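*Asks:* Here's a structure for you.
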Amino acid sequence: MTESYATATPAGGPIPGPVRVRFAPSPTGTLHVGSARTALYNYLFARHLGGSYILRVEDTDVARSSLEHEQSILVDLAWLGLQWDEGPDIGGDHGPYRQSERSEAGIYRLAAERLLNESKAYYCFCSQERLEQLKTETLARGDMPKYDRCCAAIPPDEAAARVAAGEPATIRFRVPDTAIEVTDIIHGRTDFSSEVIGDFIILRSDGGVSYNFAVVVDDIAMEITHVIRGEDHLTNAARQVLVFQAFGHEPPAWAHHSLIMGPDGGKLSKRHGATSVGEFRRMGYLPSAIINYLALLSWSPGGEREKLAKEEMVAEFELQRVSKSPAIFDIQKLNWLNGLHIRDLAREEFHLALAPFIGDAGSGVTPGREGAKASEATPGRDAAAALGVTPGQLAVAEAAVQTSLVTLADANGQILEFFTATPLAVSVDAASPDEESVAAELGEEGSAAVLEMASARLEELPAAAELTAGTVDEAVDKARALIKQWKKSCKEADIPPKRLFRTLRIALTGRGSGPELPFMLAGLGRDSIRERLEAAKPYAK
RNA sequence: GCCCCCAUCGUCUAGUGGCCUAGGACACCGCCCUUUCACGGCGGCGGCGGGGAUUCGAAUUCCCCUGGGGGUACCA
């Protein structure tokens with residue numbers, strides 16, 4: 001009921017047919033989180049209304065565009081789960097979906113000629129030097145730079161003759177003297193005067209189409225009903241409304257969302273840290289967390305929920321609930337959400353998501369949250385083998401760290417430590433101040449008794465070879481039960497529970513902190529535990 | 001310079017004239033749980049940029065200022 005915009009033009013007239021939106025990236029770089037958010041809003045809007053979400057590649061800037069960039073953008077988009085209904089790779093009824101191909105097909109040339117014939121456009125023979133000078137002069141005078149219509153009055157016959165003779169020319173749009181109204185779903189109505197808009201170029205002298213023209217021609221051809229994009233395009237909308245009118249076509253409904261800023265309030269850029277989706281992927285962020293976070297930057301669902309799955313966002317997304325003000329990218333909140341999404345993963349999903357980050361991918365390094373080297377993943381490698389443990393052991397370690405991760409990349413260090421934490425004997429000899437104080441704790445009264453007690457019942461724990469991914473819970477439960485019994489025995493022997501836990505942890509790992517003890521006991525394996533316990537005995541009291 | 005947009009805790013936001021001594025979340029700080037860390041629970045800190053106007057009553061409407069952002073290309 002609040003979705004009347006779906007079936008109505010800004011003016012109130014009905015838009016025939018279903019909702020069609022497009023995400024139109026320019027393949028001049030990798031997918032930026034800001035663009036990803038635009039894609040996300042388009043996706044959510046279309047899915048919410050059962051419409052179509054189209055991917056159109058705006059590669060008319062030949063010098064800066066590349067197929068490699070296009071590829072990586074498609075990969076990142078798909079990785080985020082924002083699958084499109086029509087696009088350059090899968091086709092559709094309104095193709096081609098690459099502007100370079102549309103240009104080759106003569107689509108823009110033809111459209112420009114139509115305007116030429118109707119006198120809504122004209123050839124311009126001004127040199128770039130003259131244009132440059134004109135701009136400088138206008139700026140010096142304190143006015144808005146704007147083409148002076150030097151060539152607007154050239155008779156069409158004469159112009160055509162000059163073009164035929166080979167004189168380089170651009171085609172300019174003849175901006176009518178009129179008030180322009182842009183009605184935006186997010187912003188409401190904005191008025192522009194065509195006075196501030198100069199006759200802009202629609203076809204370059206090299207035959208290439210320019211942005212403001214290509215967009216309109218394509219949006220008409222592709223039957224786009226809603227244009228959802230960044231606010232940096234708001235003033236472009238004024239120009240584009242004019243072109244729509246020149247073609248006698250009703251403009252689509254507009255929705256210009258705010259831009260993402262860096263922590264210092266400036267436009268989000270590399271100096272603020274990671275900005276591309278690919279970087280976040282390599283740092284160990286989950287796609288579900290990224291789109292959740294991106295959606296929340298500007299949009300909020302009705303209630304007070306923060307963690308949302310894609311399906312929930314689709315069900316509730318509404319453009320009128322998108323905020324008008326710019327949003328600052330806050331990595332802390334992304335971190336928080338990423339942790340929540342990681343904890344939501346089923347064991348198997350988690351294992352799969354983790355694979356590229358375990359073993360070789362980061363061996364030797366424990367990437368910190370901040371300065372994480374965006375190490376390239378090596379998914380082909382078998383993670384357990386790389387660590388020298390059984391798949392079952394790895395499964396236990398994964399289960400142990402799942403609740404404490406911020407990013408997937410953090411797992412490598414934690415899992416590595418799970419298996420390779422320096423046992424006490426070595427630790428004491430190394431005697432770094434930190435380890436020394438931990439080792440000293442082993443001298444506490446009762447530790448010897450604890451070690452004896454533990455050694456005596458190790459058979460109740462699974463051996464490393466017996467563990468499988470499917471028996472993780474079983475193994476951990478066994479360890480829990482055993483600990484419970486040890487606890488009981490300690491009580492009888494008048495040994496405080498704390499002594500039990502501390503002694504075992506230190507004997508097993510040489511550290512004062514780490515994963516929960518039941519997981520350590522289950523994952524390390526019977527033999528390894530026995531060895532470490534024995535090694536600790538000489539130091540216990 | 002000119003045009004356009006925006007303005008609630010440090011950050012993301014709820015809030016569309018009285019329900020607001022402004023709600024939630026991240027971060028931060030305490031406490032609890034706990035062998036540690038994390039998770040979880042409880043509590044705290046903290047905000048309507050400034051000035052006018054309309055109104056019985058304004059975070060909510062209007063104007064001005066200030067601040068921030070965007071645009072001003074033969075880039076998109």
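*Asks:* Cross-link candidates for A:Lys324: which lysines have Cα within less than 19 Å, leaving aside residues fewer than 8 places away along the same chain?
*Replies:* Within the straight-line limit of under 19 Å, A:Lys324 reaches these lysines: A:Lys267.
*Asks:* Could I ask something else about it? Using only Cα atoms, tell me the angle between helix A:497-509 and the longest principal axis of chain A; keep it within 0 to 90° and round to the nearest 10.
*Replies:* 70 degrees
*Asks:* Related question: Using only Cα atoms, find the angle between the long axis of helix A:447-456 and the longest principal axis of chain A, and express it within 0 to 90 degrees, rounded to the nearest 10.
*Replies:* 90 degrees
*Asks:* While we're looking at this one, here's another question. Mind checking the full-extension length gain between A:Ala481 and A:Leu110? Use 0.36 nm per residue of separation minus the Cα-Cα distance, one decimal, nm.
*Replies:* Using 0.36 nm per residue and subtracting the Cα-Cα distance, I get 125.7 nm.
*Asks:* Heavy atoms of the protein only, probe of 1.4 Å, neighbouring chains included. What is the accessible area of A:Arg149 in Å², nearest 10?
*Replies:* Answer for A:Arg149: close to 110 Å² accessible.
*Asks:* Show that you can apply the helix-only estimate: for chain A, add -39,500 (n - 2.57) for every DSSP H stretch of four or more residues, divide by all residues, and state [θ] at 222 nm to the nearest 500.
*Replies:* It comes out at -13500 deg cm²/dmol, rounded to the nearest 500.
*Asks:* Here's another thing I want to ask about it. Could you check what % of the DSSP bridge pairs in chain A are antiparallel, to the nearest 5? List each step's numbers first, then the result.
*Replies:* Details: 18 of 33 bridges.
Given both bridge residues lie in chain A, the antiparallel proportion sits at roughly 55 percent.
*Asks:* Let me know the charge dipole size of the stretch A:95-230 about its Cα centre in debye, to the nearest 20, where only the beta-carbon of Lys, Arg (+1) and Asp, Glu (-1) is charged. Each step should come with its number before you reach the end.
*Replies:* Working: 16 positive and 22 negative charges, 27 e Å.
So the magnitude is around 120 debye.
*Asks:* Also, quick follow-up: Working out 0.36 nm times the residue gap between A:Glu516 and A:Glu452, then minus their Cα-Cα distance, what length gain in nm do you get to one decimal?
*Replies:* 20.9 nm
*Asks:* Right, another one. Check the straight Cα-Cα distances from A:Lys498 and name the lysines below 30 Å, setting aside those fewer than 8 residues away within the same chain.
*Replies:* A:Lys478, A:Lys484, A:Lys487, A:Lys488, A:Lys537, A:Lys541
*Asks:* Sorted by accessible area (1.4 Å probe), largest first, how do A:Asp218, A:Asp473, A:Asp177, A:Asp206 line up?
*Replies:* A:Asp177, A:Asp206, A:Asp473, A:Asp218
*Asks:* Okay, next question. Could you pull out the trypsin sites (Lys or Arg not before Pro) across the stretch A:160-201 that fall in loop regions by DSSP (anything but H, G, I, E, B) with no more than 10 other Cβ atoms inside 10 Å?
*Replies:* Working: sites: A:Arg162, A:Arg172, A:Arg174, A:Arg189; in loops: A:Arg174.
Within the stretch A:160-201, no trypsin sites (Lys or Arg not before Pro) qualify (loop, at most 10 other Cβ atoms within 10 Å).
*Asks:* What FRET efficiency would be calculated for the residue pair A:Glu68, A:Ala309, taking the C-beta separation as r and a Förster radius of 30 Å, to the nearest 0.05?
*Replies:* With R0 = 30 Å, the Cβ-Cβ based efficiency is 0.40.
*Asks:* As I understand it, the value is the acute angle between the Cα axis of helix A:107-117 and the longest principal axis of the Cα atoms of chain A; what does it come to in degrees, rounded to 10?
*Replies:* On a 0 to 90 degree scale, this one is about 30.
*Asks:* So if R0 is 35 Å, what FRET efficiency would A:Glu474 and A:Ser300 give, r being the distance between their Cβ atoms, rounded to the nearest 0.05?
*Replies:* 0.25
*Asks:* Spin-label point model (7 Å from Cα, Cβ direction): what's the A:Phe247 to A:Asp89 distance in nm?
*Replies:* 2.7 nm
*Asks:* Report, ordered by chain and residue number, the lysines lying within cross-link reach of A:Lys135, taken as a straight Cα distance under 16 Å and ignoring same-chain residues fewer than 8 apart.
*Replies:* Cross-link targets: A:Lys146.
*Asks:* In nanometres, what is the gap between the two model label sites at A:Ile154 and A:Lys498, each 7 Å from Cα along Cα-to-Cβ?
*Replies:* Spacing of the two 7 Å Cα→Cβ label points: 9.0 nm.
*Asks:* Still on this structure, I have one more. Could you look at chain A and say what percent of its accessible area is carbon and sulfur, using a 1.4 Å probe and all protein chains? The partial results should precede the final answer.
*Replies:* Numbers: 12890 of 24510 Å².
Whole-percent figure for carbon plus sulfur exposure: 53.
*Asks:* Moving on to the next point. Pop out the ³J(HN,Hα) list for the stretch A:163-179 in order, Karplus 6.51 cos²θ - 1.76 cosθ + 1.60 with θ = phi - 60°, rounded to Hz; leave Gly and Pro as x.
*Replies:* For the stretch A:163-179, the Karplus curve yields 5, 4, 7, x, 6, x, 8, 10, 10, 10, 7, 7, 6, x, 7, 7, 7 Hz.
*Asks:* Mind checking the per residue accessible area of chain A for me, 1.4 Å probe, whole number of Å²?
*Replies:* Heavy-atom accessible area per residue stands at 45 Å².
The values are calculated or read from the model by the stated rules, or taken from the named source; none is laboratory data. This is a predicted model, so every value here is computed, not measured. Don't worry about glycine lacking a Cβ; one is built from the backbone with ideal geometry, like all the others, and counts go over all protein chains shown. The accessibility values were calculated without ligands, DNA or RNA, using every heavy atom of the protein model including side chains. Shrake-Rupley method; radii C 1.70, N 1.55, O 1.52, S 1.80 Å.
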